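*Asks:* The structure that follows is given in the form of structure tokens.
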Amino acid sequence: MSTPSKLIVEYDDGSVKEMAFGKVSREIRTELSKLGLCSTPGGIKASRNYLLLKWQDGWQEVVGVDKDEVDLLRYYIIERVEDRGRLSLEVGAEYPELFIIKRTPKELNSLLILSENISKLYELEGQVERREGIFEAGGKKEYVKYDKTDSRYPQRFNEEPEEMEKILNSVHKELVIMELNPKALLALDETERIEIYQQVATRINIRGMERQEDVYSFIEFMVERLIAGF
């Protein structure tokens, strides 16, 4: 079954309200699946790598990338009627992984790649403009914020274990407030863990870029790192 993109509610006066389906709680999605309107919500599925995208206004999104290796290949914004960001990841395969950034792509200012042994921070604050054709006649402008393949464009990144530590400290702080021990948390059944992970993610301002399941697995990844004493 295809994944819904929006939940739309129409009222008897003809007005309509809608929200991104990824924001719908697991409980509601479960009920909707019983009605045949969506698939049954997935559980916690660990990924080998996580991308954490950060915007200037503090918004953060996470996406799991289940590949053995991940590196940022390029990131640029195409300006036409609407701006769209193109995020390309080198994953050790013939073709890169491609993600489309729709939310204010010019204001995405950093990207963090995290795995068990890797913490890389890519700064995306600078950019170089390039053009293709005459913009007013249907051409496009591209604003390149990172391109590993071409030295004419920004290529700034740092090995940043401190970034991992910042997130770990945030997760640990919330668990202390909730009076939860990391080991005891992992011992809970999946349904209970998902409910807690959602609360923690909300408190530390992390959302799923494509799948809510990535949020749960990312928080569990952080809890496991706390237990390992990273």
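The values are calculated or read from the model by the stated rules, or taken from the named source; none is laboratory data. As the structure is a computational prediction, the values presented were derived from the model and not from experiment. Quick reminder, even Gly has a Cβ in these numbers, built from the backbone with ideal geometry, and neighbours come from all protein chains shown.
*Asks:* Considering each residue of segment 31-51, count those that are modelled with pLDDT of 75 or more, on the phi < 0 side of the Ramachandran plot, of a type outside the set (D, E, K, R) and out of contact with any strand residue (DSSP E or B) (no Cβ under 6 Å at 6 or more places or on another chain), and give that number.
*Replies:* Adding up the residues that qualify gives 7.
*Asks:* Take the residues in segment 144-179 that are part of a strand (DSSP E or B) and acidic (Asp, Glu); name whichever of them is nearest to Asp83 (Cα to Cα).
*Replies:* Looking at the filtered set, the residue picked out is Asp147.
*Asks:* Kindly indicate whether any position in segment 127-143 is acidic (Asp, Glu), outside any strand (DSSP E or B), more than 26 Å from Met222 (Cβ to Cβ) and over 17 Å from the mean Cα position of the chain (by Cα).
*Replies:* For segment 127-143, residues acidic (Asp, Glu), outside any strand (DSSP E or B), more than 26 Å from Met222 (Cβ to Cβ) and over 17 Å from the mean Cα position of the chain (by Cα): present.
*Asks:* Name the residue that is nearest to Glu132 (Cα to Cα), counting only residues in segment 151-196 that are at pLDDT 95 or above and among the acidic types (Asp, Glu).
*Replies:* The selected residue is Glu174.
*Asks:* Out of all the residues in segment 183-229, which are assigned to a loop (DSSP other than H, G, I, E, B) and surrounded by 14 or more Cβ atoms within 10 Å (Cβ to Cβ)?
*Replies:* Those that are assigned to a loop (DSSP other than H, G, I, E, B) and surrounded by 14 or more Cβ atoms within 10 Å (Cβ to Cβ): Ile204, Ile206, Met209, Glu210, Arg211.
*Asks:* Answer yes or no: is there a residue in segment 82-95 that is more than 25 Å from Ala46 (Cα to Cα) and among the aliphatic types (A, V, I, L, M).
*Replies:* Among the residues of segment 82-95, not one is more than 25 Å from Ala46 (Cα to Cα) and among the aliphatic types (A, V, I, L, M), which makes the answer no.
*Asks:* Within segment 46-73, how many residues are assigned to a loop (DSSP other than H, G, I, E, B) and either in contact (Cβ under 8 Å) with a residue 24 or more places away in the chain or crowded, with 21+ Cβ neighbours inside 10 Å (or both)?
*Replies:* Residues in segment 46-73 being assigned to a loop (DSSP other than H, G, I, E, B) and either in contact (Cβ under 8 Å) with a residue 24 or more places away in the chain or crowded, with 21+ Cβ neighbours inside 10 Å (or both): 10 in total.
*Asks:* Can you tell me which residue is surrounded by the most Cβ atoms within 10 Å (Cβ to Cβ) among those in segment 104-118 that are touching a residue at least 24 places away in the same chain (Cβ under 8 Å), not in a strand (DSSP E or B) and not acidic (Asp, Glu)?
*Replies:* Among those residues, the one meeting the criterion is Pro105.
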